[in-house]
1. Tally time: how many residues in the stretch 249-295 are farther than 19 Å from residue 356 by Cα and within 21 Å of the chain's Cα centre (by Cα)?
2. Within the stretch 103-132, track down each residue that is of a type outside the set (A, V, I, L, M, F, W, C), under 20 Å from residue 160 (Cβ atoms) and touching a residue at least 40 places away in the same chain (Cβ under 8 Å).
3. Where residues in the stretch 58-74 are crowded, with 17+ Cβ neighbours inside 10 Å and in contact (Cβ under 8 Å) with a residue 24 or more places away in the chain, which of them is farthest from residue 105 (Cα to Cα)?
4. Could you list, in sequence order, the residues of the stretch 86-114 that are of a type in the set (Phe, Trp, Tyr) and part of a loop (DSSP other than H, G, I, E, B)?
5. Restricting attention to the stretch 188-208, and to residues there that are over 19 Å from residue 250 (Cα atoms) and either touching a residue at least 60 places away in the same chain (Cβ under 8 Å) or in contact with an Asp or Glu (Cβ under 6 Å, 6 or more places away or on another chain) (or both), which single residue is surrounded by the most Cβ atoms within 10 Å (Cβ to Cβ)?
6. Tell me which residues, restricted to the stretch 116-130, are surrounded by 12 or more Cβ atoms within 10 Å (Cβ to Cβ) and not in a strand (DSSP E or B).
Amino acid sequence: MFGPIELWYHTSMKLTAVVRLLPTPEQANDLLKTLEKANAACNSVSGVAWQGQIFKTFPLQKIVYSHIRAAYELGAQMAVRCVAKVADSYKKDQRSQRAFKPHGSVPYDARNLRWYVDKSRVSIWSMAGRLNIPFVCGAYYRALLQGQRGETDLVYRKGKWFLHTTCDVEADTPIDIEDYLGVDLGIKNIACDSEGTVYSAKHLLNVRHRYRRLHKKLQAKGTKSAKRLLKKRSQRESRFANDVNHCVSKQLVKRAKDSGRGLALEDLTHIRTRVTVRRKQRDQLHSWSFADLREKIEYKAERRGVPLEFVDARYTSQQCSCCGHTSRSNRPSQSVFKCVWCGHTAHADTNAAVNIGRRASVSAPYAVCVLGFKPATTASPRL
């Protein structure tokens, strides 16, 4: 009676597109005044919120809306966005009063900012009225702008103007998997998967060491030219590390997608408080950008339809992937794993990645029963 029914699942996700504005000197001055007025209004609203312990958007808006419109000469929608900005800042915690810098970012929405992507221009509200300003961006961000939705933040950074806007993009349908590609994250090696592919951090560590030594030397010198060079080189290290994490995360997701598997990562939340290292290694530990790499893997995997699982990281580096025996003696060195029970030898990170993939593939009770895991209570996971 009825023909076959096909179900189509359309999933979407939110990404942020960044474009650079090219205002004239007069327009830049108007935007700067707008930031200063809006952030001054936010500080006023924050004072009222803290004094009355009112942190919800609408109750707070009823109290301060008329005042900030009259006192700071803000437009109706900008006043509303300033109240929302303050309320959002108190969502994390309400233990201290929030303060806003004069040139902090300011949120806009469709009522006070309009995009003309085909013309590469935006119409944005300012203290001097509407401004029509051109923008530039790369092909990737221009494609994202086709799905622009929601808020846009006006950002002023080092004399340059940017817009950070939320875009909806279509994500691939999640693939059916039977196995997981385990990934071990580390300091000496950025990542290592269960197939044995190692993404070395040697070049990244050398760059960070060179920049730390240069910064220390220039700060000790303290001359005008030294300060000028420090300013010029600021953020270079973080931009380089950001690019490296982008490349590694893209390769990991592509490898999992092409092989029809999910990705399994270890949960390293609060890892810095759980481990101790020598004084010489503290710089490396605290510059370890595992959280940034995790975020990039998360959104890339979601966009490509690759399932992602996080597993307990404890003892993955000390447990044998063949017999399940767990001991600190299984790690004679940072890079070598040799099981003292069955003699299995492998690269230490590869062995850990296999354990991570296996933990995501089977339930915990089954793994304990079949593989005979015997976690040591006195051992601590190594980096």
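The values are calculated or read from the model by the stated rules, or taken from the named source; none is laboratory data. Treat the numbers as computed from the prediction; the structure is a model and nothing was measured. Glycine also receives a Cβ, built like all others from the backbone with ideal geometry; neighbour counts cover every protein chain displayed.
1. So the answer is 11.
2. Selection gives 103, 104, 105, 107, 108, 126.
3. Filtering first and then ranking leaves 60.
4. Pass one, the stretch 86-114, residues of a type in the set (Phe, Trp, Tyr): 90, 100, 108.
Result: 90, 100.
5. 208
6. 117, 120, 127, 128
Here's the yes/no breakdown for (1) of a type in the set (Ser, Thr, Tyr); (2) farther than 24 Å from residue 248 by Cα:
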residue: 123; (1), (2): yes, yes
residue: 127; (1), (2): no, yes
residue: 134; (1), (2): no, yes
residue: 155; (1), (2): no, yes
residue: 180; (1), (2): yes, no
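Matching residues to (1) among the charged types (D, E, K, R); (2) part of a helix (DSSP H, G or I); (3) assigned by TED's automatic domain parsing to the domain that holds residue 88; (4) out of contact with any helix residue (DSSP H, G or I) (no Cβ under 8 Å at 6 or more places or on another chain):
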| position | (1), (2), (3), (4) |
| --- | --- |
| 18 | no, no, yes, no |
| 32 | no, yes, yes, yes |
| 40 | no, yes, yes, no |
| 44 | no, yes, yes, no |
